[in-house]
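Novice: There's a structure below that I have some questions on.
The values are calculated or read from the model by the stated rules, or taken from the named source; none is laboratory data. Given the structure is predicted, the values throughout are model-derived calculations rather than measurements. Cβ placement follows ideal geometry from the backbone for every residue including glycine, while neighbour counts extend to all protein chains displayed. These accessible areas exclude ligands, DNA and RNA; they are computed on the full protein's heavy atoms, side chains included. Shrake-Rupley method; radii C 1.70, N 1.55, O 1.52, S 1.80 Å.
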2 protein chains.
Amino acid sequence: MRRLKVFASGKLILLYLLLVQFMADLVIKGGTLLTMNGSIIENGTVCIENGVITFVGKEIKEDAQKVISAKGCAVLPGLINAHTHLPMTLLRGYARDLPHMEWTQKIRMAEAKLTPGDVRAGARLGALEMIRSGTTSFADMYIYMDEVAKAVEETGMRAALGYGMIQGLNEDSRTKLKNREDFVRKWDGAARGRITTMYAPHSAESCSKEFLIKVRELAEKTGTRIHIHVLETEDELNLMKKRYGMCSVNLLDDINMLGPNVLAAHCIWLSDDDIGILKNKGVNVVHCPSSNMALGAGIARIPEMLEKGINVALGTDGAASGVSLDMWKEMRAASLLHKSKDPRTMPALQVLEMATVNGARAMGINAGMLKTGCLADIIIVDVDEPTFISCDLISSLVNGGSGCHVRTTIVNGKVLMEDHKIIGFDEEKIMEDARKAKSGIIC
Amino acid sequence: MRRLKVFASGKLILLYLLLVQFMADLVIKGGTLLTMNGSIIENGTVCIENGVITFVGKEIKEDAQKVISAKGCAVLPGLINAHTHLPMTLLRGYARDLPHMEWTQKIRMAEAKLTPGDVRAGARLGALEMIRSGTTSFADMYIYMDEVAKAVEETGMRAALGYGMIQGLNEDSRTKLKNREDFVRKWDGAARGRITTMYAPHSAESCSKEFLIKVRELAEKTGTRIHIHVLETEDELNLMKKRYGMCSVNLLDDINMLGPNVLAAHCIWLSDDDIGILKNKGVNVVHCPSSNMALGAGIARIPEMLEKGINVALGTDGAASGVSLDMWKEMRAASLLHKSKDPRTMPALQVLEMATVNGARAMGINAGMLKTGCLADIIIVDVDEPTFISCDLISSLVNGGSGCHVRTTIVNGKVLMEDHKIIGFDEEKIMEDARKAKSGIIC
């Protein structure tokens, strides 16, 4: 009898294990799905298993370990911040009302005093701000990047991290390259694959041609992507012409650094030919309208680039220039900035693509859509609000949406915030640590 | 003994009545007061009685019928939306990605079908959106303005309402002027003084010179203010030059219509001389950056006007162009738009002044500051959020703030929203009525 009981309970356990195996980890039901894959599905369902989307469509009966109701909500891919310097949250409001050059000088002096602990506090604060406002992935470039990587690990976000390189700053070139190589090796694939790494030479202006060639060689060795600032200011254009007789795009092209593995931030002071080169080489551009406007850097020819088929993503840049890491503000800024020249450009869907699909492509990750097989980086947005009573939901999201409309944020199938409550880390402690770190900075 | 008891209880009642008389109606404690009057007061107190601010300063012991804690919050004057067409919330997203002229044609066709009931539903929705996002006063111009006035009465907001006039549209001139005069008489001072009225000729382009003179005469008769669109588009400039050999500013000046009682919206296509005229006549300008950018109307010379001492307020325009009635988005748009030309312009405090102090002056109301004697139009804003960990609170509010950070909205000393909960009217019904009204519009 005892043997029978053991046998029966063993079978039940086996049956349970089998059932659990075929149950989704998470099902989101009842929302308006903005798939970013050509369709909008009312009262739709998304199923997630092992961090990947396994079903997108009309309501199906599927058991799940967890079910989230998205009634009265829009469900969309998480937003992607394709260019930022996350720890600069500590320098928010530090250098105000200054043109780019003076701003840079003031910021560099403050940055020189930052400790790894400061960088970690700033990165965690930035991660919190992004999770709260529906950003699930970001591409970052800064100093003490091990600390940023730890913040990504702890908070559950996804990131492509590049340890910034300004030649001649702090370390000699050989040491610097060695350290960056170690960083790439150490962190690529970490945090259950949520972290990928990049090589991040700051710009063609701040690194010599020889140095850039070495960076390119390192990147080729491991198939690692590259993140670089390109022609953000007219000063850079003039300096490059004086130094090399050509602009940054030409120089990078000259040393074979341009390709679909490159994330080029800003891309403002480009000629027609330069735009042609970016197109031909399949370079990914990251547009940062808020930062560009705040610093008077100039206006990138984004509608033209999009029309030519260049992949243009969106980024907030660091919080010391753009102030906010809220990608909803960035979408609105992109929309209005270019419409001010031609209202027919930048339709809302295209702007939302920049912040999702295009960002994923720029980062080289299989995300940015609600689609079977894609990474389960998803947000649920309250649209039962006055501002969304509109003839067009996407237009009202892009132009009227805010970070605080995001109620739930999911990365890799894991819920990081649900119904506005942060899960998995201590929000208050992160803010307290950031305030402490900030108190060391003389505003 | 019985006489003694009656005598004692009578005295107690008298004592209670005396105490209540000297108690504040409402006290707000513990917040960071942004007075907009030259000071920031930490852990400050604001006392309110009979709809007016009676104390602003450090914590005092004062009894009140109601005490609101503003711990972890900023307390500031309510935001003022100095130019909008409130019922156009029903046309949000209706005419997208169109330049001004095509947009206007499409919108006018939809407007021709709106009923008074539609206008009321749209106005109520707009009022809800504004209360939620911390706008306490607005200056409006539209059709069926009795319905807008009713919405203001019901929701508790403050407004300066102008019944729009486009000559030759719907009524003959004499009837139109008579109706507007009746409107002014009926509604001025209504809703316990929260409603003031204006005469609102749409523009110098859409009304003849003779008609404008009659409007001016009516306004002078009762000391009523005027609300008018001025040179929003280059088309208007060209048309006026062709018709009169002068632009709108010159024409209005020519008929003595310009003065401190005038609210001039947009003011984009102005010459140096035109700006000089606005300055000399003390005209109030309302800048609507989001709408101007969305429609490609042009960029007003706002930093220059401010430097010359012109009173420049801020407005969202109607939701059919600007999309959002959130004044935090408008402040950010104003800041970035002009910094893109010169980053040293539009410091955050100046932008916040546009949305408070300047708006109050433009509307001719004693508000826009936390100051003894001012109207108690006040908002309480959650700043215990990542985005407000900054070197400068005002900069982070203007560039990082959103409507959803507003937790409490007070108009005339009455709490309309507390801790994000609307008080005094049925929010769900307003949204349902708006959806119903909107379903009659073919998007």
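Novice: Among the residues of the stretch A:177-187, is there at least one that is within 17 Å of A:VAL148 (Cβ to Cβ) and among the aromatic types (Phe, Trp, Tyr)?
Specialist: Going residue by residue through the stretch A:177-187, those that are within 17 Å of A:VAL148 (Cβ to Cβ) are A:179-180, A:182-187.
Then keep just the ones that are among the aromatic types (Phe, Trp, Tyr); that gives A:183, A:187.
Yes, the stretch A:177-187 contains a residue that is within 17 Å of A:VAL148 (Cβ to Cβ) and among the aromatic types (Phe, Trp, Tyr).
Novice: What are the pairs with Cβ atoms under 8 angstrom where one residue, in the stretch A:91-106, is more than 9 Å from chain B (Cβ to nearest Cβ) and in contact (Cβ under 8 Å) with a residue 60 or more places away in the chain and the other, located anywhere, is among the hydroxyl-bearing types (Ser, Thr, Tyr) and open to solvent by less than 50 Å² (accessible area, probe 1.4 Å)? Sequence gap at least six, or different chains.
Specialist: A:MET101/A:THR233
Novice: Would you say B:MET101 is open to solvent by 10 Å² or more (accessible area, probe 1.4 Å), of a type outside the set (Phe, Trp, Tyr), in contact with a helix residue (DSSP H, G or I) (Cβ under 9 Å, 6 or more places away or on another chain) and not assigned by TED's automatic domain parsing to the domain that holds B:THR408? Lay out the reasoning, then the answer.
Specialist: Working: open to solvent by 10 Å² or more (accessible area, probe 1.4 Å): yes; of a type outside the set (Phe, Trp, Tyr): yes; in contact with a helix residue (DSSP H, G or I) (Cβ under 9 Å, 6 or more places away or on another chain): yes; not assigned by TED's automatic domain parsing to the domain that holds B:THR408: yes.
Judged against the criteria, B:MET101 is a match.
Novice: Sort out which residues of the stretch A:395-415 are open to solvent by less than 20 Å² (accessible area, probe 1.4 Å), of a type in the set (A, V, I, L, M, F, W, C) and within 14 Å of another protein chain (Cβ to nearest Cβ), and write them in order of number.
Specialist: A:LEU397, A:VAL398, A:VAL406 - these are the residues of the stretch A:395-415 that are open to solvent by less than 20 Å² (accessible area, probe 1.4 Å), of a type in the set (A, V, I, L, M, F, W, C) and within 14 Å of another protein chain (Cβ to nearest Cβ).
Quick grid of which residues meet (1) among the hydroxyl-bearing types (Ser, Thr, Tyr); (2) open to solvent by less than 10 Å² (accessible area, probe 1.4 Å):
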{"position": "A:LEU278", "(1), (2)": "no, yes"}
{"position": "A:CYS288", "(1), (2)": "no, yes"}
{"position": "A:SER291", "(1), (2)": "yes, yes"}
{"position": "A:ALA294", "(1), (2)": "no, no"}
{"position": "A:ILE302", "(1), (2)": "no, yes"}
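Novice: Can you pull out every residue in the stretch A:338-353 that is within 10 Å of chain B (Cβ to nearest Cβ), open to solvent by 10 Å² or more (accessible area, probe 1.4 Å) and among the hydrophobic types (A, V, I, L, M, F, W, C)?
Specialist: Once the filter is applied, which keeps residues that are within 10 Å of chain B (Cβ to nearest Cβ), open to solvent by 10 Å² or more (accessible area, probe 1.4 Å) and among the hydrophobic types (A, V, I, L, M, F, W, C), the stretch A:338-353 yields only A:ALA348.
Novice: Continuing with this model, one more query. Which one is farthest from the other protein chains (Cβ to nearest Cβ), of the residues in the stretch A:319-330 that are farther than 14 Å from A:ALA300 by Cβ, open to solvent by less than 10 Å² (accessible area, probe 1.4 Å) and in a helix (DSSP H, G or I)?
Specialist: A:MET327
Novice: Right, another one. Do we find that A:ALA333 is of a type in the set (Gly, Ala, Ser), in contact with a helix residue (DSSP H, G or I) (Cβ under 9 Å, 6 or more places away or on another chain), assigned by TED's automatic domain parsing to the domain that holds A:SER206 and assigned to a helix (DSSP H, G or I) in this structure? Write out each step before concluding.
Specialist: Numbers: of a type in the set (Gly, Ala, Ser): yes; in contact with a helix residue (DSSP H, G or I) (Cβ under 9 Å, 6 or more places away or on another chain): yes; assigned by TED's automatic domain parsing to the domain that holds A:SER206: yes; assigned to a helix (DSSP H, G or I): yes.
So A:ALA333 passes the test.
This table checks each residue for (1) at pLDDT 90 or above; (2) assigned by TED's automatic domain parsing to the domain that holds B:GLY403; (3) not in a strand (DSSP E or B).
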site: B:SER9; (1), (2), (3): no, yes, yes
site: B:LEU19; (1), (2), (3): no, yes, yes
site: B:ILE28; (1), (2), (3): yes, yes, no
site: B:LEU33; (1), (2), (3): yes, yes, no
site: B:ASN37; (1), (2), (3): yes, yes, yes
site: B:ASN43; (1), (2), (3): yes, yes, no
site: B:ILE48; (1), (2), (3): yes, yes, no
site: B:PHE55; (1), (2), (3): yes, yes, no
site: B:LYS66; (1), (2), (3): yes, yes, no
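Novice: If you don't mind, there's one more thing I want to ask. Out of A:ILE80, A:ILE107, I need the residue that is in a helix (DSSP H, G or I) and of a type in the set (Val, Ile, Thr). Which one?
Specialist: Working: A:ILE80 fails: in a helix (DSSP H, G or I).
One residue alone meets the criteria, A:ILE107.
Novice: Being closer than 30 Å to B:LEU239 by Cβ, in contact (Cβ under 8 Å) with a residue 24 or more places away in the chain and β-branched (Val, Ile, Thr), is that true of even one residue in the stretch B:172-180? Even if it seems obvious, please write down each step before you answer.
Specialist: So in the stretch B:172-180, the residues closer than 30 Å to B:LEU239 by Cβ come out as B:172-180.
Narrowing further to those that are in contact (Cβ under 8 Å) with a residue 24 or more places away in the chain: B:173, B:177, B:180.
Pick out the ones that are also β-branched (Val, Ile, Thr) and you get none.
Looking through the stretch B:172-180, none of the residues is closer than 30 Å to B:LEU239 by Cβ, in contact (Cβ under 8 Å) with a residue 24 or more places away in the chain and β-branched (Val, Ile, Thr).
Novice: OK, next. Could you please give the count of residues in the stretch A:374-387 that are open to solvent by 10 Å² or more (accessible area, probe 1.4 Å), farther than 14 Å from A:ASN412 by Cβ and in contact (Cβ under 8 Å) with a residue 40 or more places away in the chain?
Specialist: The total comes to 3.
Novice: Hey, among A:LYS308, A:LYS371, which residue is open to solvent by 30 Å² or more (accessible area, probe 1.4 Å), away from chain B (no Cβ under 14 Å), out of contact with any helix residue (DSSP H, G or I) (no Cβ under 9 Å at 6 or more places or on another chain) and touching a residue at least 24 places away in the same chain (Cβ under 8 Å)? Don't jump to the end; show me each part of the working.
Specialist: Details: A:LYS308 fails: out of contact with any helix residue (DSSP H, G or I) (no Cβ under 9 Å at 6 or more places or on another chain).
Residue meeting the stated conditions: A:LYS371.
Novice: Would you check if A:TRP187 is touching a Gly at 6+ places or on another chain (Cβ under 7 Å), of a type in the set (Phe, Trp, Tyr) and assigned by TED's automatic domain parsing to the domain that holds A:ILE299?
Specialist: Numbers: touching a Gly at 6+ places or on another chain (Cβ under 7 Å): no; of a type in the set (Phe, Trp, Tyr): yes; assigned by TED's automatic domain parsing to the domain that holds A:ILE299: yes.
Judged against the criteria, A:TRP187 is not a match.
Novice: Mind checking which residues of the stretch B:186-207 are in contact with a Ser or Thr (Cβ under 8 Å, 6 or more places away or on another chain) and touching a residue at least 24 places away in the same chain (Cβ under 8 Å)? Outline the logic, then answer.
Specialist: Pass one, the stretch B:186-207, residues in contact with a Ser or Thr (Cβ under 8 Å, 6 or more places away or on another chain): B:187-189, B:197-199, B:203-205.
Scanning the stretch B:186-207 gives B:TRP187, B:ASP188, B:THR197, B:MET198, B:TYR199, B:SER203, B:ALA204, B:GLU205.
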